[in-house]
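The values are calculated or read from the model by the stated rules, or taken from the named source; none is laboratory data. As the structure is a prediction and not an experimental result, all values here were calculated from the model. Cβ sites come from the backbone with ideal geometry, for glycine too, and all protein chains shown count toward neighbours.
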C-alpha cells in the first residue's frame, strides 16, 4: 500500500470505530431504560447523557493520540491502561483517596525516518478527577522520563502487541466492560434495578472499537515510515518472514547482513542464533552441554542436534548440513563450538563434500582459514564464492602476499556506484509500481545479492587487474567523470581544528567534498568518494603532512577515523591510514596517528561532541535533499550520463563484459528481474 492508501485506511477505521461507539451508546441506553421499574421516576434525557458520558470517558482513555512537531516529526501515544491505586500515606482519611497510575506506549517518528518506542508510566496523586490521556500526553511531551528505544532494538513480539487488544488491561482491572459497568452500578441503585441484566456483547463491542483504533494507528504509522520491516510487523502480525529478520539484523555491515540473510533463507528456524551475533553465533555453555548429551548419549547427528536445540520441531533443509549426518560432536575437538561460528557455517557451502575435514585439527584449521577468507572478502568487496574459486582457502591477505585489497575495494565500490546504481534507477523508474526511484536506488545499490549478481560476469583475477589499471589511470578517469559530474558544495563539521603534533606533523581535517577531491588528486587514491561516509556514517578524514626540518620530501598520509559510542564515552576508531597510491604511510606519520587517536580518546585533545553532532545533523539534512546525486556524483536520470559512466568504467572490466554495450550487459547479467524482485521484497513498490 502507498502512503495515501494507509492514510485513507486509517481514516476509515477511525470513522468505523466512532460509528460503532455511537451505535453502542444508543443501543445500551435503550436497553438500560427498559430495565428501570415503571414506578421509578426518571428523566430519560438525563440518563442518556449520563450513560453517554461514561462511554465517552472510556473512549477517551483507549483512543490513541498523535501530534506533529514543527520540525515534521510525529508522536503517536497509545494508551495501555489506567489503574486506581491506594495512597500509601498512613493517614486513614488520605488512605481512602485513590490515585491513577497510567501506562502508554509512545512511538516517535523523526524527520529522518528514525522510529523509537517508549514505555511511558505516570502516577497522578494530586488530581484524580482531572487526569486524562491528554494530560498524560502533555506530561510526556514536556518531561519525558525514559529514553526512547530504537525500534530495531525493540522485540518484534512486543512491537506486534502494541497494535492488538492489550491483555494488560486485565492486570489493570480496567477491562472495557468492567470500566463501564463499575460506573453503571450507582445508577442501578438509584433507579431500583435489583437484577441488572448486562448488555449482550458489551465486552466484544468495546474490544472491537479499541482494535479498530489500534489498526487505524498502525496504518497511520505505516504512512509515516518506509521501513519494510515495520510495515510487516504492523500489518502481518507476528509471522516470521524475511522482513522481520531484516529487522533483527538491521545495522549490520553489508557483508554480515548478507550472510545472515542467506543463513535465514536456508534455516528459518535458526533465525535467532544467526541474528544474535554477527561474530559469535555459537552454542552457549548450557546448549553445548545439551548438544554433547544428545550426540554422545542419544546418538543424534549434528543436524539433528541443531534442530533439537534451535529448530522448535521444524524440519531443517539438508542443503548445508546433510554431509554431516553421522558425524559425532567429538570430531570437532574440545573447542567444537567454534564449528557453529558464522565464519565456518557461511563458508561450508563452498567446500565439496569430499573435502570435508575428518579430524578436530583439520576442522580447527578450516575454521581459521574460512575466517581469513571472509576477512579478505570484507576488505575487497569481492563475494566469497569468487574468492574461493580463485584462491581456495589460501587467499593472500595483504599487499606483501599479493593483492592490495583496499585498492580493489575502492574499485569495486566505484563499479557499484557508476554502473549498478544507474541500472537500479533505470529499472525503478520504468516500474509502474515504484513511486520513488531515488529512494529505491539508495536502498538497493548496496544490496549484497544484487552486487553479487552484477559481478557475475567478472572473475576475481579480472577484478584485481581492473583495479590495478583503474588506479594507474585514476587522474584520467577522474577527469572523464568531471564532464558529467554535478557540482557540490557539501560540507560537514571538523573533528578538530588544524593542529601540529609535538614532533611537527601537521594535521588538518578535510570537511568538504571539494577537499576530498583535492586530497584524492594529491594522494592518487579514492578518498574523493568518501563524502557520504563523513556525512552519514560518522567518518572523519584527516590529512597528515611532515617534512623533517625542511630536509627531504614532504611526507603525506590520509587517515580515516570513525566515532562511536563506547559505554558512556564517545571515542574514535581507526578505519584506514593510506599514503600515496594506498601505500603504507611513513613510520613517523603512523606514530602520530596513534598518538592523535589516544589523545582524543583520553580527552586530552577535547572534542565538543554535542556541537559536532548538531552540525552533523544539519549536514545530513542538506545532504539528504539530493542524496542520490551526492552519493553518485552525476545525474542518474540522464540517459546520456548513464551511458557515459558505463563507458568510462567498462574499459576496466575485462573478459566478456568488455565487449557488451550497456543494454546487452543488463540482459546477459539478468539484472532487471533481480532488481524488480528486490524492489518488491524491500517494499519499494506499492503493489
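Here are a few things to note about the model shown:
- Counting only residues that are assigned to a helix (DSSP H, G or I), exposed (fewer than 14 other Cβ atoms within 10 Å of the Cβ) and within 35 Å of the chain's Cα centre (by Cα), the range 466-507 holds 1 of them.
- Filtering 70, 30 for residues that are without any contact (Cβ under 8 Å) to a residue 60 or more places away in the chain, in a helix (DSSP H, G or I) and more than 30 Å from residue 685 (Cβ to Cβ) leaves a single hit, 30.
- Hey, residue 510 over 27 Å from the mean Cα position of the chain (by Cα), at pLDDT below 95 and crowded, with 20+ Cβ neighbours inside 10 Å or not: no
- Residues located in the range 638-661, provided they are farther than 18 Å from residue 480 by Cα and touching a helix residue (DSSP H, G or I) at 6+ places or on another chain (Cβ under 7 Å): 654, 655, 656, 657, 658, 660
- Residues satisfying the stated conditions in the range 23-47, i.e. over 16 Å from residue 200 (Cα atoms) and either surrounded by fewer than 17 Cβ atoms within 10 Å (Cβ to Cβ) or not assigned by TED's automatic domain parsing to the domain that holds residue 206 (or both): 37, 38, 39, 40, 41, 42, 43, 44, 45, 46
- Residue in the range 530-539 that is under 22 Å from residue 624 (Cα atoms) and in a strand (DSSP E or B) present: yes
Residue by residue, here is whether (1) more than 16 Å from residue 579 (Cα to Cα); (2) out of contact with any helix residue (DSSP H, G or I) (no Cβ under 9 Å at 6 or more places or on another chain); (3) assigned by TED's automatic domain parsing to the domain that holds residue 582; (4) touching a residue at least 60 places away in the same chain (Cβ under 8 Å) holds:
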site	(1), (2), (3), (4)
506	no, yes, yes, no
515	yes, yes, yes, no
519	no, no, yes, no
522	no, no, yes, no
532	yes, no, yes, yes
537	yes, yes, yes, no
543	no, no, yes, no
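- Residue check for residue 361: surrounded by fewer than 16 Cβ atoms within 10 Å (Cβ to Cβ) and at pLDDT 75 or above: no
- Among residues of the range 585-603, those that are touching a helix residue (DSSP H, G or I) at 6+ places or on another chain (Cβ under 8 Å) and without any contact (Cβ under 8 Å) to a residue 12 or more places away in the chain, counted: 0
- Per the conditions (1) closer than 29 Å to residue 672 by Cβ; (2) touching a helix residue (DSSP H, G or I) at 6+ places or on another chain (Cβ under 6 Å); (3) in contact (Cβ under 8 Å) with a residue 60 or more places away in the chain; (4) in a helix (DSSP H, G or I), the sole criterion not satisfied by residue 407 is (1).
- Against the test of being crowded, with 20+ Cβ neighbours inside 10 Å and touching a strand residue (DSSP E or B) at 6+ places or on another chain (Cβ under 9 Å), the options 642, 631 yield a single qualifying residue, 642.
- Considering only residues in the range 540-559 that are surrounded by fewer than 18 Cβ atoms within 10 Å (Cβ to Cβ) and touching a strand residue (DSSP E or B) at 6+ places or on another chain (Cβ under 8 Å), the one that is modelled with the lowest pLDDT turns out to be 553.
- Lone unmet requirement of (1) surrounded by fewer than 18 Cβ atoms within 10 Å (Cβ to Cβ); (2) more than 20 Å from residue 411 (Cβ to Cβ); (3) modelled with pLDDT under 90 for residue 535: (1)
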